[in-house]
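S.K.: Sharing a structure below in structure tokens format, with a few things to ask.
The values are calculated or read from the model by the stated rules, or taken from the named source; none is laboratory data. Everything quoted here is computed from the prediction, not taken from an experiment. All Cβ positions, glycine included, derive from the backbone under ideal geometry; neighbour counts span all protein chains shown. Only protein heavy atoms, including side chains, enter the accessible area calculation; ligands, DNA and RNA are left aside. Shrake-Rupley method; radii C 1.70, N 1.55, O 1.52, S 1.80 Å.
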Amino acid sequence: MPYDTVSGGFERASRLGHGNAIVRAMADRSTFYVPSEHVRDLAWLAPKIRNRATLPTPTSGDRLTNAIGIDGSLMVVPVRDGLPSVRYGYAQAAAIWLDLEAMEHQRRERFVDPVALNRAVNSALVSYDLPVAGAYVREGISISDSWRESINRLFRIKKVEVNRLNQSLLELLMLLHGRPGKPATTLSVDCPNRACSQRRIAVSPDGTNCPSCTGRVLPTDVLRIYEEVIEDGANQEALGRLMQVVELLVVVGLVTLLWEQSRDALLRSTMFVMDGPLAVYGPPAKLRARALEYFQKMADPSTGSRPHLCGIEKTGTFVDYAKTLARHDALKPGDLLVLDHEVIGAINNSENPIAYGAETYWGRKFVYRAKDGRVVVVTVLPEAGQPYDDNGGQPEPESYPSLPAILDVIDRTGSSMYRDGVIPVALAHSKAAYPIGVGTDVLRLAAKRRLGLDGKSPLSSSGGY
């Protein structure tokens, strides 16, 4: 191509640059069904749509004045020249606090004060790194055991530190398995040795030996992330499972902090929003029931004190379907779509939609078209009971008393940083993300130093970047 490169040559096209075009052409010739492309008669949806005017309107005293957004990001890179199987992983979870009143005050000004906006946002970050494939924490162990030891070490040394909160990830994991204000003293863990059938071992934070095989059982084995780790692979999916657990633990720490310190003021006026649905996937999915029970115990219907927890999805089949409905004007600004099993079946093309989400979700999905036209798929925590179960769960908005206040914040925090954006999520994403090019180079250098691949002695396991 007629563009000069830094070295003085010409820019060359990628050998695989035509790959997407070929696959798209193959897809165009194939026949398959996409639910969001087949939304002909939408009259059946009308009874499932609620307008904001029919929902309770938050009074001035009940409007949320703060928002805390949580997001995470991860990266897996090859770190040994000539040995592409050696990979190192880095992930981080960010939390931002946004003063909604300060933001809205600046919106009314003729000229925005960047200093005032900067003061309206505070952030905290938890980062962690570990060898994920082709490299091990020590000699003589498998890759799954290397992951087990790495996760256990990280959960002991990595802390969520913000204001008066200073707890390790392990302490937050024990807290999630207990109840607000009283962490569990032991965790019920199955022996990670595949040749051992011992189940429900009571494991303290210090770990214990299996009564059957005498192998070491760690408290973080309760997450079972090691089950998805394989010898020949990048193990990026396993790192993603770890990241979603850390994000949940960050939420546990922050919500508990407000519940303990200011449950009648800050807890009632703060929205907690996660990037993605309120769900736990894969081997750690048992945390779903723990999260649901833990946060529901914080609600006090007599005083109206409750955690306002939600998740917002930017991509996925539900988002695609919701945007299609908006394009067909099936949803007007201010409309809330109830996603009962019939709507879920239409979106997922499922034969058994009534049991959707029963094993993974600790919140219920709704589709909301904001007053400015944005389309948002939001997951909201129910105050009591299961959001999903084998009988269809609780699809109606009445089971989610925090929903009106959450929708009010969505209306007030539209973001142009990405399509259909919400400012708290956008800010959390900006804090958690890092430049791909520079981030990859820095991580590669850090990993080489940690593993001793730069000719120097490796760093101790207590070190970190």
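S.K.: The conditions are (1) over 23 Å from Gly72 (Cβ atoms); (2) under 13 Å from the mean Cα position of the chain (by Cα), and Leu266 fails exactly one of them. Which is it?
M.R.: Failing condition for Leu266: (2).
S.K.: Look through segment 406-420, keep the residues that are closer than 17 Å to Leu336 by Cα and of a type outside the set (Val, Ile, Thr), and return whichever of them is least open to solvent (accessible area, probe 1.4 Å).
M.R.: Leu407
S.K.: Filtering segment 380-405 down to residues that are assigned to a loop (DSSP other than H, G, I, E, B) and free of Cβ contacts under 8 Å to residues at least 40 places away in the same chain, which residue is most open to solvent (accessible area, probe 1.4 Å)?
M.R.: Residue satisfying both the conditions and the ranking: Asn391.
S.K.: Name the residue, out of Leu45, Leu74, that is open to solvent by less than 50 Å² (accessible area, probe 1.4 Å), in a helix (DSSP H, G or I) and in contact (Cβ under 8 Å) with a residue 24 or more places away in the chain.
M.R.: After ruling out the rest, the residue left standing is Leu45.
S.K.: Next question. Can you tell me which residue within segment 183-208, out of those that are charged (D, E, K, R) and at pLDDT 95 or above, is surrounded by the most Cβ atoms within 10 Å (Cβ to Cβ)?
M.R.: Asp190
S.K.: List every residue pair whose Cβ atoms sit under 8 Å apart, with the two residues 6 or more apart in sequence or on different chains, where the first one lies in segment 19-41 and is in contact (Cβ under 8 Å) with a residue 60 or more places away in the chain and in a loop (DSSP other than H, G, I, E, B) and the second, anywhere, is among the polar types (S, T, N, Q) and open to solvent by 80 Å² or more (accessible area, probe 1.4 Å).
M.R.: Tyr33/Asn349
S.K.: Hey, any hits in segment 152-161 for a residue that's touching a Ser or Thr at 6+ places or on another chain (Cβ under 8 Å) and surrounded by fewer than 16 Cβ atoms within 10 Å (Cβ to Cβ)?
M.R.: Yes, the conditions are met somewhere in segment 152-161.
S.K.: Okay, moving on. Output the residue which, of all residues in segment 214-236 that are of a type in the set (A, V, I, L, M, F, W, C) and open to solvent by less than 70 Å² (accessible area, probe 1.4 Å), is farthest from Ala285 (Cα to Cα).
M.R.: Per the stated criteria, the residue is Ala234.
S.K.: Sticking with this one: So Val319 passes all but one of these: (1) open to solvent by 20 Å² or more (accessible area, probe 1.4 Å); (2) under 23 Å from Gln244 (Cα atoms); (3) of a type outside the set (Lys, Arg); (4) outside any loop (DSSP other than H, G, I, E, B). Which condition number does it fail?
M.R.: Here Val319 meets the rest and fails (1).
S.K.: Continuing with the same structure: Can you tell me which residues in segment 148-182 are under 14 Å from Leu257 (Cα atoms), free of Cβ contacts under 8 Å to residues at least 40 places away in the same chain and not basic (Lys, Arg)?
M.R.: Glu161, Asn166, Ser168, Glu171
S.K.: Let me ask another. Do we find that Val376 is open to solvent by less than 10 Å² (accessible area, probe 1.4 Å) and in contact (Cβ under 8 Å) with a residue 60 or more places away in the chain in this structure? Break it down stepwise before answering.
M.R.: Working: open to solvent by less than 10 Å² (accessible area, probe 1.4 Å): yes; in contact (Cβ under 8 Å) with a residue 60 or more places away in the chain: yes.
Criteria met by Val376.
S.K.: Quick one: which of Leu239, Leu292, Leu257, Leu309 is under 13 Å from the mean Cα position of the chain (by Cα), crowded, with 18+ Cβ neighbours inside 10 Å, under 17 Å from Leu176 (Cβ atoms) and touching a residue at least 60 places away in the same chain (Cβ under 8 Å)?
M.R.: On inspection, the qualifying residue turns out to be Leu309.
S.K.: Tell me which residues, restricted to segment 327-352, are surrounded by fewer than 17 Cβ atoms within 10 Å (Cβ to Cβ), at pLDDT below 95, of a type outside the set (D, E, K, R) and under 30 Å from Arg412 (Cβ atoms).
M.R.: Result: His328, single match.
S.K.: Continuing with the same structure: Is there a residue in segment 295-305 that is open to solvent by less than 40 Å² (accessible area, probe 1.4 Å) and under 30 Å from Ser36 (Cβ atoms)?
M.R.: Checked against the condition, which is being open to solvent by less than 40 Å² (accessible area, probe 1.4 Å) and under 30 Å from Ser36 (Cβ atoms), segment 295-305 yields no hits at all.
S.K.: Does Leu187 satisfy the criteria of being without any contact (Cβ under 8 Å) to a residue 60 or more places away in the chain, of a type in the set (A, V, I, L, M, F, W, C) and in contact with a His (Cβ under 7 Å, 6 or more places away or on another chain)?
M.R.: Judged against the criteria, Leu187 is a match.
S.K.: Sticking with this structure for a sec: Give me a count of the residues in segment 357-373 that are crowded, with 24+ Cβ neighbours inside 10 Å, of a type in the set (A, V, I, L, M, F, W, C) and assigned to a loop (DSSP other than H, G, I, E, B).
M.R.: 1
S.K.: Same structure again: Of the residues Pro211, Pro180, which is on the phi < 0 side of the Ramachandran plot, open to solvent by less than 70 Å² (accessible area, probe 1.4 Å) and not aliphatic (A, V, I, L, M)?
M.R.: On inspection, the qualifying residue turns out to be Pro180.
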